[in-house]
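Taken together, the values in this text are just the output of simple stated rules run on the coordinates, not laboratory data. Note that this is a predicted model, so its numbers are computed, not measured. Cβ atoms come from the backbone with ideal geometry, glycine included; neighbour counts cover every protein chain shown.
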Amino acid sequence: GGDTGGGDGGASCEDTDNGAVDPYGDGCAEYNSFPSWCGNYDDDDFISNEMCCVCGGGTTSDGGMVIIDNPIAHTIKTMDRDDRVDFINQIKSNRRSVFNLIDPPMIVDVEGSILLNPAPNNRVISYEVNVFCDACLDGEAWSGSFNSPTTDFLLYGIDEGVDVCAEVRAVSSNTATVSAWSDAACTSAGCGPNCVAGDANNDGNVNVSDIVLLVGSILNNSGSTDGVECGDMDSGGVINVSDIVAIINIILNPMNSTSDATEAKLNIGTDVSIVADGQLSAIQMVLSHDSDFSLELTQDAWVADYSTIDNKTTLIVVMPSSEYLFTPNGEFTIEESIVLNSENQIDVTVNSLPIEFSVSDAYPNPFNPVTVLNINLPSESMVKVNVYNVTGQMIDAIYSNSLTAGTHSISWDASNLSSGVYLIRTEAGKNISTQKVMLLK
């Protein structure tokens, strides 16, 4: 230990250990200049308070500065403005200044005015994580770096049961300064003692019940991973439909990607359906609507559920087995849609369908010799279009076949008929439309 001096100006520091320095090469002169080092920089190599003791306590004798008991405040006394500016800049630039800590202190003057506040209330701490292993990815060595906004971090895809190590450091949002890297910590890959990736309910199995929990998290808990951590398949910190698709691939071991859909068309009419050129894994949609809106959701799927909050409804359909999605009761707007195959999000076009059966007026009318009419179908129907003369005799069958929901154009060529008035009768299921046309040659 060293001698501490007395007097009104504070303690006088003398090197009583024959030129003692710490593992960084700093001696008593540096500790006298930066007394804030004492107690703030302990690590595996040394305890900073021991060095301060060797140097006689680590306070200056000129009455200009003293470290008080409160660890987050320093009082600067009897300094003019220029001295204070120099002092602040000096301790901020030093590599071991308290202002390079993740939780730096505040500097105030003797009247209590804040001279420097490097840690505002909106400061956010995030974390950098380095992960590495000798043989954890298909038996090969691997390493990776990640950023995490929280202290929870889940890494997916590592070989089960092998050792994986990581080190972490914290980053302050307001100064971008970082802490020292932690010592490496190692564990066996897996989600926990009785948990495997995808096992959201921790029952030892990965199945549809895990998907049900994830759907509930998305709809009712803003995608929180609380209680379903092992369902966060991409380690994104939030549950989404991509995590659900990853679990589907585990259940089906994996899905047959050769049958994957590459594009889809969303048909909106009295019902809402989706037509794809292959298998869809999951569909998520967000609808906006008035307060009296409701819907009837398909049950032709592994899991189908929805949640309505205020004037927005979020719905999820997992592994649909039919084109039908839901029947709306009221007007709505699709704010967002996510449609996935076994691996990726696919493009979707929106097709607005007629909400009721109708037939347009034939055009031109009068005509010679061809006229055209449009048939609007809210759903797939068997359609017949026949032509009659004014006596009720059928003289031509224009069309007789099934048509999908949508708008279809039908033309009639009357080249082999004489001028006159004719009736065109259109039947679609129980719907019938008849209109009069005039052929003029």
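Report the full-extension gain for the segment Cys165 to Ser433: residue separation times 0.36 nm, less the Cα-Cα distance, to one decimal in nm. Walk me through the numbers on the way to the answer.
Numbers: separation 268, 0.36 × 268 = 96.48 nm, distance 7.43 nm.
Working it through step by step, the gained length comes to 89.1 nm.
R0 = 30 Å: FRET efficiency of Asn344 with Ser188, Cβ-based, nearest 0.05?
For Asn344 and Ser188, the calculated efficiency is 0.40.
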Can you run phi through the Karplus equation (6.51, -1.76, 1.60; θ = phi - 60°) for region 222-239 and list ³J(HN,Hα) in whole Hz, with x for Gly and Pro? 6, x, 5, 8, 4, x, 10, 4, 6, x, 7, 5, 9, 6, x, x, 8, 7
Between Glu331 and Val178, what FRET efficiency follows from the Cβ-Cβ distance if R0 is 60 Å, with the result rounded to 0.05? 0.70
Can you run phi through the Karplus equation (6.51, -1.76, 1.60; θ = phi - 60°) for region 312-321 and list ³J(HN,Hα) in whole Hz, with x for Gly and Pro? 10, 10, 10, 10, 9, 10, 10, 6, x, 10
Any residue on another chain or 5+ positions along whose placed amide H is under 5 Å from the amide H of Glu380 is listed here as Ala405
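To the nearest µm²/s, what D does Stokes-Einstein give for region 202-310 at 10 °C and 1.306 mPa s, using the Kirkwood radius over alpha carbon pairs as Rh?
Details: Rh = 15.5 Å.
The Stokes-Einstein estimate is 102 µm²/s.
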So what are the three principal axis dimensions of region 257-352 from its Cα atoms, in whole Å, longest to shortest? 42, 25, 19
Arrange the peptides 222-234, 352-364 so that the one whose residues have, on average, the most other Cβ atoms within 10 Å appears first. 222-234, 352-364
Charge dipole (region 358-439, unit charges on Cβ, about Cα centre) - positive-most of Ile432, Ile398, Ser381: Ile432
Give me the Debye-computed log₁₀ of I(q)/I(0) at q = 0.33 Å⁻¹ for region 208-252, equal point scatterers on Cα only, no solvent, two decimals. -1.33
Give me the one-decimal nm value for the distance between modelled label points at Asn249 and Glu356, 7 Å along each residue's Cα-to-Cβ direction. 4.8 nm
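Working out 0.36 nm times the residue gap between Ser145 and Asn368, then minus their Cα-Cα distance, what length gain in nm do you get to one decimal? Show your work: numbers first, answer last.
On the way: separation 223, 0.36 × 223 = 80.28 nm, distance 7.48 nm.
The span from Ser145 to Asn368 would gain 72.8 nm if fully extended.
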At q = 0.13, 0.23, 0.26 Å⁻¹, what log₁₀ I(q)/I(0) does region 125-188 have when each alpha carbon counts as one equal point scatterer in the Debye sum? -0.38, -0.94, -1.11
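If you rank Leu155, Leu214, Leu440 by fewest surrounding Cβ atoms within 10 Å, what's the result? Let's see the in-between values first.
On the way: Leu155 16, Leu214 27, Leu440 11.
Fewest to most other Cβ atoms nearby, the residues stand as Leu440, Leu155, Leu214.
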